[in-house]
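Data first, discussion second: the structure below is written as structure tokens.
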Amino acid sequence: MPTISQLPATSQVTAADQIPISQSGSVCSVNVGTLLAATQPAIMIPTGNLFGRTSLGPGGPDPVAVGMGLSLNAATLAATGADHATFAVEGSITLADQAVVNSTGSPRLLPLPLLRGLFSAGTNIAIDQNGTISATATGGTSNDSISTLPTVGTISAGDLVAISQSGTDHTISYANLIDGQTIDEVQGAASASDTDTCLVGQNGSVMVRQTFAAIWAWLTAKLAGYQMPTVELATNTTLSAAAHNGRLLICSQPITVTPAPAAMGNGFSCTLINLSSGNVTLGSGITASSGNGSLPVGQAAILTCATYSGGTVVYAWASGAGATLNPPAQVTGVTVGAVTSSSVALSWSALSPSPTNYTVQYRVSGTTAWSNVPSVTAPNCTVSGLQSATGYDFAVFAANGAGAGNPSATVTAATAGTLSPPGQVTNLIASNPATNAMSLAWSAPASGGAVSSYTVQYRVSGTTSWSPAVSGLTVTSFTVTGLSPATSYDFEVLAVNAAGTGPSSATATASTVVAGISVTSITWNMVPSGSYTHGNGAIGVNAQISPSNAPVQFGFSTSLTTPPTIWTAGAYVNTNLWGAYVTTPSVAGTYYAWAEGTNGSSPTVYPTAFSVT
């Protein structure tokens with residue numbers, strides 16, 4: 001019989017396959033299916049799982065779940081410690097308690113006292129045997145209560161104050177701490193009252209508190225003695241808060257005061273007083289209560305700048321508004337006092353009400369032109385700078401904002417000394433040439449005796465013989481007539497008094513014009529503007545003339561309709577432009593510029609006036 005190893009091998013087994021078995025001592029055959037029908041099936045389970053069975057009877061194993069706090073990895077069952085959520089809650093711990101820790105992957109019990117060994121006390125910190133952490137005070141004491149610290153009586157800028165900044169403790173100097181405090185760090189206050197207090201430094205740098213009531217009482221006492229600052233204005237002025245707010249503005253000259261609302265600001269206020277010799281002009285932008293654009297002599301105005309819903313206004317409340325002011329009465333009782341070789345003292349009866357000022361007039365007796373001593377405020381005056389041994393006429397008149405009163409009666413006095421002949425006449429000017437005439441003007445001598453009269457003479461240029469034009473003249477201007485057209489002439493003037501005749505003036509030379517050339521049109525180019533001082537210098541003017549070769553003359557008049565009485569000959573500039581420097585009028589007032597041909601053709605006036613003060 002062959003052995004098992006000698007039998008052929010099969011690659012698979014089925015239920016119908018036959019295998020031999022021994023049954024009751026006899027060899028029998030049975031198929032695989034029958035053989036296995038009464039046996040336990042093969043248990044095929046994956047590794048890494050637990051199986052078990054708690055039920056009775058036939059059946060295979062059941063999976064056994066791994067509970068909380070355990071893990072099964074391959075064939076290893078381990079505790080994870082994740083089951084603490086099911087532990088009972090401990091209400092307190094003692095040094096006898098233990099904690100579970102992971103020590104290099106293995107669970108260990110940790111007695112709680114061992115935890116203290118992980119910590120060490122830092123500076124000013126202590127940990128006792130029971131684990132209590134406490135701070136210790138500097139300076140060797142363990143009590144850190146602020147009441148136990150040394151007490152100081154003062155504090156300086158460099159002293160340090162403890163602060164916590166962004167969770168970290170620091171120190172800051174007292175100076176920086178105070179400097180860093182802003183007003184918004186203080187809580188808001190209610191409406192102010194007399195009992196409110198504020199900090200002040202009193203007799204030192206230490207801050208003390210003061211009530212508003214006490215401060216107000218102090219201010220009230222000071223207000224009684226407050227004096228408004230005074231500012232004198234002598235030139236045209238633009239108002240500003242920095243220079244003029246809350247001040248008395250005294251105008252000593254007839255100037256123009258111009259507003260600048262942006263520089264003045266809302267609430268600006270000042271008082272303007274005109275103590276000059278003429279009107280003060282209120283510049284464009286000022287609304288005056290009087291409706292007048294100027295402030296008369298001796299009057300005052302309160303100027304205010306205010307911003308409201310309608311915009312910004314600069315308002316002038318004038319003292320003369322709504323009241324009628326009359327010129328002063330005639331001055332009386334003019335009396336001559338002390339007399340010297342160069343001065344005469346005068347006095348007169350005071351007027352009531354008092355005028356703004358008095359003006360004293362004087363002239364050499366026998367002449368017509370007056371000189372003024374302006375802005376005399378008391379009823380007396382000494383007229384100085386006079387010629388010795390000379391007779392003078394004197395008159396006085398008073399003025400206020402409404403104008404000037406009538407001059408007093410004329411009184412006469414002679415200065416002391418010996419009379420000498422006059423000095424040389426100065427500033428001789430020939431002007432206004434016509435076909436057969438020439439106008440002359442000059443200034444009185446600055447030296448020598450007083451002038452009684454003047455002698456004017458002329459000659460054809462290039463000749464030596466002088467012809468008398470006039471003698472016994474008591475004014476400083478004259479028009480020489482009877483001249484020939486288109487001819488050059490020399491002119492001179494001599495001053496005369498009882499002691500003799502002074503030296504001849506410097507010669508002035510000018511030519512009469514060609515007869516028959518008339519001006520047909522005049523167009524102004526440069527005209528006077530602004531304000532000028534009377535008797536001071538000359539004013540430049542020019543105009544375009546047609547035809548361009550027609551001679552022209554210029555002058556000033558106080559009227560738009562009446563031409564000047566004194567003309568200045570124009571000089572040819574270029575193309576059709578003629579010009580001249582016309583002597584500034586010697587009397588203050590409002591003037592207009594005139595131009596015309598030297599033969600009186602095309603008289604033309606510039607319609608805008610200018611001021612002479």
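Put simply, the amide H of V64, placed in the peptide plane, has neighbours under 5 Å in L50, F51, G52, leaving out anything fewer than 5 places away on its chain.
With only the Cα atoms considered, the chain has a convex hull volume of 580 Å³ per residue.
Given a Förster radius of 51 Å and the C-beta distance between N574 and S240 as r, what FRET efficiency does 1/(1 + (r/R0)^6) yield to the nearest 0.05? Numbers along the way, then the final one.
Numbers: r = 44 Å, r/R0 = 0.85.
For N574 and S240, the calculated efficiency is 0.70.
With the convex hull of its Cα atoms as the shape, region 230-318 has an orientation-averaged projected area of 4.9 nm². One chain, two ends: W524 and S548. Fully extended at 0.36 nm per residue, the span grows by 7.3 nm beyond their Cα-Cα distance. Maximal additional length on extending the V186-T104 stretch stands at 23.6 nm, based on 0.36 nm per residue less the C-alpha distance. Compared with the dominant principal axis of the Cα atoms in the chain, helix 212-223 is inclined by about 10°. When you count the other C-beta atoms within 10 angstrom of each residue and take the mean per peptide, 265-271, 110-116, 433-439 line up highest first as 433-439, 265-271, 110-116.
Label-to-label distance for S443 and T195 is 7.9 nm, based on points extended 7 Å past Cα in the beta-carbon direction. Annotation: the antiparallel percentage among DSSP beta bridges lying fully within region 137-280 is about 50.
With contacts defined as alpha carbon pairs under 8 Å and 6 or more residues apart, what's the relative contact order of region 379-520 in percent? Spell out each step's value before the answer.
On the way: 332 pairs, mean separation 35.0, N = 142.
Once normalised by length, the contact order is 25 percent.
At a 10 angstrom cut-off on C-beta neighbours, averaged per residue, how do the peptides 231-242, 589-600, 299-310 rank from highest to lowest? Intermediate results must be reported in sequence, preceding the final value.
On the way: 231-242: 14.7, 589-600: 20.2, 299-310: 16.3.
Packing proxy ranking, top to bottom: 589-600, 299-310, 231-242.
With the simple spin-label model, which puts each label point 7 Å out from Cα in the Cβ direction, the S284 to S166 separation comes to 6.1 nm. Where both bridge residues fall in region 230-318, DSSP classifies roughly 50% of the beta bridges as antiparallel.
Radius of gyration over Kirkwood radius for region 173-217, both on Cα atoms: the Rg/Rh ratio is 1.04.
Measuring between their Cα centroids, region 595-613 and region 483-524 lie 21 Å from each other. May I ask which residue of T281, Y592, V27 lies farthest towards the positive end of the charge dipole of the chain, with charges of +1 (Lys, Arg) and -1 (Asp, Glu) on Cβ and the Cα centre as origin? My answer, from the dipole projection, is Y592. For q = 0.10 Å⁻¹, what log10 I(q)/I(0) does region 335-414 give under the Debye formula with an equal point scatterer on each alpha carbon and no solvent? Log-scaled intensity ratios, in q order: -0.22.
Over the chain, what is the relative contact order in whole percent, taking alpha-carbon pairs under 8 Å and six or more residues apart? Before the final figure, lay out each step's value.
Numbers: 1271 pairs, mean separation 34.0, N = 613.
Across the chain, relative contact order equals 6 percent.
Computed extension length for T377-S504: 41.6 nm, one decimal, from 0.36 nm per residue of separation with the Cα-Cα distance subtracted. Working note: Karplus 6.51/-1.76/1.60 with θ = phi - 60° gives region 280-288 the couplings 9, 7, 8, x, 4, x, 9, 9, 9 Hz, where Gly and Pro are set to x.
Using the Cβ-Cβ distance between S349 and S384 with R0 set to 22 Å, the FRET efficiency works out to roughly 0.45.
For V152 and S309, a Förster radius of 51 Å and the Cβ-Cβ distance give a FRET efficiency of 0.30, rounded to the nearest 0.05. Put simply, the amide H of S477, placed in the peptide plane, has no neighbours under 5 Å, leaving out anything fewer than 5 places away on its chain.
Each value in this text was obtained by applying a stated rule to the coordinates, not by laboratory testing. Keep in mind the model is a prediction, meaning the values are calculated, not measured. As a convention, Cβ positions derive from the backbone with ideal geometry for all residues, glycine included, and neighbour counts pool all protein chains shown.
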